[in-house]
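Asks: For reference, the structure I am asking about is given below.
The values are calculated or read from the model by the stated rules, or taken from the named source; none is laboratory data. All values reported here derive from a predicted model rather than from experimental measurement. Backbone-built Cβ (ideal geometry, glycine too); neighbour counts: all protein chains shown.
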Amino acid sequence: MATHALRNRNGDRRHDYFSPDVETMPRKQLQRLQFDRLRRVLHRAYANVPHYRRRFDAAGVTPFALRGLGDLRRFPFTSKADLRDTYPFGLFAVPRETLLRLHASSGTTGKPTVVGYTAADLANWALLMARSMTCGGVRPGDIVHNAYGYGLFTGGLGAHDGAQRLGCTVVPASGGGTERQVTLMSDFGATVLCATPSYALNIAEVAERLGVDLRGGPLRVGLFGAEPWSDALRGELESRLGLTAIDVYGLSEIMGPGVAIECREAQAGLHGWEDHFLFEIVDPGSGEPLEMGEAGELVITTLTKEALPMIRYRTRDITRLTDEPCRCGRTHVRLRRITGRSDDMLIVRGVNLYPSQLEAVLVGLPLLSPHYQLVIERQGALDRVTVEVEAAAGAAVEDEAARHALAGSVAHHLKSLIGISCAVAVKRPGEVPRSEGKAVRVRDLRPRPTAGK
Ligand code: DLL
């Protein structure tokens, strides 16, 4: 499929990948484009992927019956289990020989999920990432320090190709070796940092320890994503790194980074690129579609993917959509900050909790540093949750009694601000493991059920 040229006709280099034609398209026109692309993708999936054909047939729907965008809800969902069941290449709609690249998720249990891209898919991805970066305030000529992991994870190469496409100088740092990263950022004069928010925090901390002032330098924009994070952490990263922190969202099954991003003008909700993806929100329990503005599980259908068309993919990510006009003028819907995944939700003494909600409280508290983990243990028939959070460097908490007192006050804040009662353990500076990619927020120490039982 041909990618459409998005360059500004006025030759304005500063906004190379902002295309008013597409990004501020009136809704009626956007819907016509979506319908046309949806029909084509459903036909392709039905004709080329036996799994989709079986599922559509079983649900009694065919692409021929599609009369409007609303008919999509009659089609069955696709889930991670479908990718696993057809491992490795069963959902591909093109011959394997036409794939130019594969990525895969690590897969904590069982097989990884494999995703693939044709030449056109890679070109579209780079273009959407270049568009996303433009939306977040990155410009041609920027020095992009890319600390997303390179490899099977889509973050590294996804951001890399987009930045290159936009005309930036990319430093392919990947994750890890943080002291060296700080030196390179300072020596090369990085203007943009791409990283998970937790790794960006690690970088900020190491820079402060080394006495390298990234705050006062040319660093201007941070493109942070791949894990849930809070506005509190945004404030922390903006002040410690001296940049505008932009939330970027994506997932391998749909493409990788660049599915949605905040605009620099508003930093309020992530514009989802509706000319390439259809977004729905459903009730995570029943799967019933929810109205605009209601919180639920995000479901995405790809409109232009060749290799791996995804029909109504259940992301498990919890968010809301808004179609309120945005200050930046873009008309594409916005996703509210993703609170977490439905499968990461914990129930602590009857109260639903996402780790990112905890972060929002912990970041603002004095004497603490925003490094934390939730530890879940089994105690008799009950689960016991402990929040492990680190004391700030320089906080006078060397003795046990001081840490105990601080823990008590943190527990009180958690109870009064988010209504959860749980144990709190204050750790010494440096004791909570640092992230070099996606942070591990939950340590589940409960015994695993034995196979076969
Ligand atoms: O994390 C792609 C990515 C790379 C996005 C770099 C942004 C930046 P996966 O490894 O497949 O792909 O993980 C996707 O990560 O379903 C969400 O649960 C979570 N996630 C991604 N971005 C955000 C975000 C990449 N901005 C899964 N906020 C998704 C919250 C996010 N969660």
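Asks: Residue under question is Phe89, and the condition is that it be away from the ligand (no atom under 16 Å from the Cβ), outside the structural domain of Asp121 (by TED's automatic domain parsing), farther than 23 Å from Leu298 by Cα and assigned to a loop (DSSP other than H, G, I, E, B); does it hold?
Replies: yes
Asks: Let me ask you something else. Look through Gly211, Gly217, Gly222 and report the one residue that is on the phi > 0 side of the Ramachandran plot and modelled with pLDDT of 95 or more.
Replies: Among Gly211, Gly217, Gly222, only Gly211 is on the phi > 0 side of the Ramachandran plot and modelled with pLDDT of 95 or more.
Asks: Given the condition polar (S, T, N, Q), closer than 20 Å to Leu72 by Cα and assigned to a loop (DSSP other than H, G, I, E, B), answer yes or no: does some residue in region 307-329 qualify?
Replies: No, because not a single residue in region 307-329 is polar (S, T, N, Q), closer than 20 Å to Leu72 by Cα and assigned to a loop (DSSP other than H, G, I, E, B).
Asks: Do we find that Ser409 is in contact with a helix residue (DSSP H, G or I) (Cβ under 7 Å, 6 or more places away or on another chain), hydroxyl-bearing (Ser, Thr, Tyr) and surrounded by fewer than 19 Cβ atoms within 10 Å (Cβ to Cβ) in this structure?
Replies: No, not satisfied.
Asks: Next up: Of the numbered conditions (1) more than 16 Å from the ligand (Cβ to nearest atom); (2) surrounded by 15 or more Cβ atoms within 10 Å (Cβ to Cβ), Val333 satisfies every one except a single condition; which is it?
Replies: Going through (1) more than 16 Å from the ligand (Cβ to nearest atom); (2) surrounded by 15 or more Cβ atoms within 10 Å (Cβ to Cβ) one by one, Val333 breaks only (1).
Asks: Is there a residue being over 18 Å from Val94 (Cα atoms), under 29 Å from the mean Cα position of the chain (by Cα) and modelled with pLDDT of 95 or more anywhere in region 43-62?
Replies: yes
Asks: Which one of these does Asp283 not meet: (1) touching a Gly at 6+ places or on another chain (Cβ under 6 Å); (2) within 14 Å of the ligand (Cβ to nearest atom)?
Replies: (2)
Asks: Right, next: Name every residue in region 94-118 that is surrounded by fewer than 20 Cβ atoms within 10 Å (Cβ to Cβ), of a type outside the set (Val, Ile, Thr) and not in a helix (DSSP H, G or I), in order of residue number.
Replies: Pro95, Leu100, Arg101, Leu102, Ala104, Ser105, Ser106, Gly107, Gly110, Lys111, Pro112
Asks: I'd like to check something: does region 141-148 contain any residue that is within 14 Å of the ligand (Cβ to nearest atom) and touching a Pro at 6+ places or on another chain (Cβ under 6 Å)?
Replies: Yes: region 141-148 contains one or more residues that are within 14 Å of the ligand (Cβ to nearest atom) and touching a Pro at 6+ places or on another chain (Cβ under 6 Å).
Asks: For region 364-371, state whether one or more residues are farther than 26 Å from Phe277 by Cα, assigned to a loop (DSSP other than H, G, I, E, B), at pLDDT 90 or above and not basic (Lys, Arg).
Replies: Yes, region 364-371 has at least one match.
Asks: Continuing with the same structure: Criterion first (touching a Lys or Arg at 6+ places or on another chain (Cβ under 6 Å), at pLDDT below 95 and surrounded by 14 or more Cβ atoms within 10 Å (Cβ to Cβ)) does Tyr17 satisfy it?
Replies: yes
Asks: I'm told Ala81 meets every condition in (1) loosely packed, with under 13 Cβ neighbours inside 10 Å; (2) away from the ligand (no atom under 16 Å from the Cβ); (3) closer than 27 Å to Gly151 by Cα except one. Can you identify the failing condition by its number?
Replies: Of everything listed in (1) loosely packed, with under 13 Cβ neighbours inside 10 Å; (2) away from the ligand (no atom under 16 Å from the Cβ); (3) closer than 27 Å to Gly151 by Cα, Ala81 misses just condition (2).
Asks: Being closer than 11 Å to His145 by Cα, within 24 Å of the chain's Cα centre (by Cα) and either assigned to a loop (DSSP other than H, G, I, E, B) or not aromatic (Phe, Trp, Tyr) (or both), is that true of even one residue in region 242-249?
Replies: no
Asks: Let me ask something additional. Among the numbered criteria (1) outside any helix (DSSP H, G or I); (2) within 17 Å of Gly258 (Cα to Cα); (3) without any contact (Cβ under 8 Å) to a residue 40 or more places away in the chain, which one does Tyr148 miss?
Replies: Tyr148 satisfies all of (1) outside any helix (DSSP H, G or I); (2) within 17 Å of Gly258 (Cα to Cα); (3) without any contact (Cβ under 8 Å) to a residue 40 or more places away in the chain except (3).
Asks: Could you tell me which residue of region 336-355 is surrounded by the fewest Cβ atoms within 10 Å (Cβ to Cβ), considering only residues that are touching a Ser or Thr at 6+ places or on another chain (Cβ under 8 Å) and outside any strand (DSSP E or B)?
Replies: Restricting to residues being touching a Ser or Thr at 6+ places or on another chain (Cβ under 8 Å) and outside any strand (DSSP E or B), the top hit is Arg349.
Asks: Sort out which residues of region 389-406 are surrounded by fewer than 19 Cβ atoms within 10 Å (Cβ to Cβ) and in a loop (DSSP other than H, G, I, E, B), and write them in order of number.
Replies: Ala392, Ala393, Gly394, Ala395, Ala396, Glu398, Asp399
Asks: Could you say which residue among Ala130, Ala126, Ala159 is aliphatic (A, V, I, L, M) and either within 12 Å of the ligand (Cβ to nearest atom) or out of contact with any helix residue (DSSP H, G or I) (no Cβ under 6 Å at 6 or more places or on another chain) (or both)?
Replies: Testing whether each residue is aliphatic (A, V, I, L, M) and either within 12 Å of the ligand (Cβ to nearest atom) or out of contact with any helix residue (DSSP H, G or I) (no Cβ under 6 Å at 6 or more places or on another chain) (or both) leaves just Ala159.
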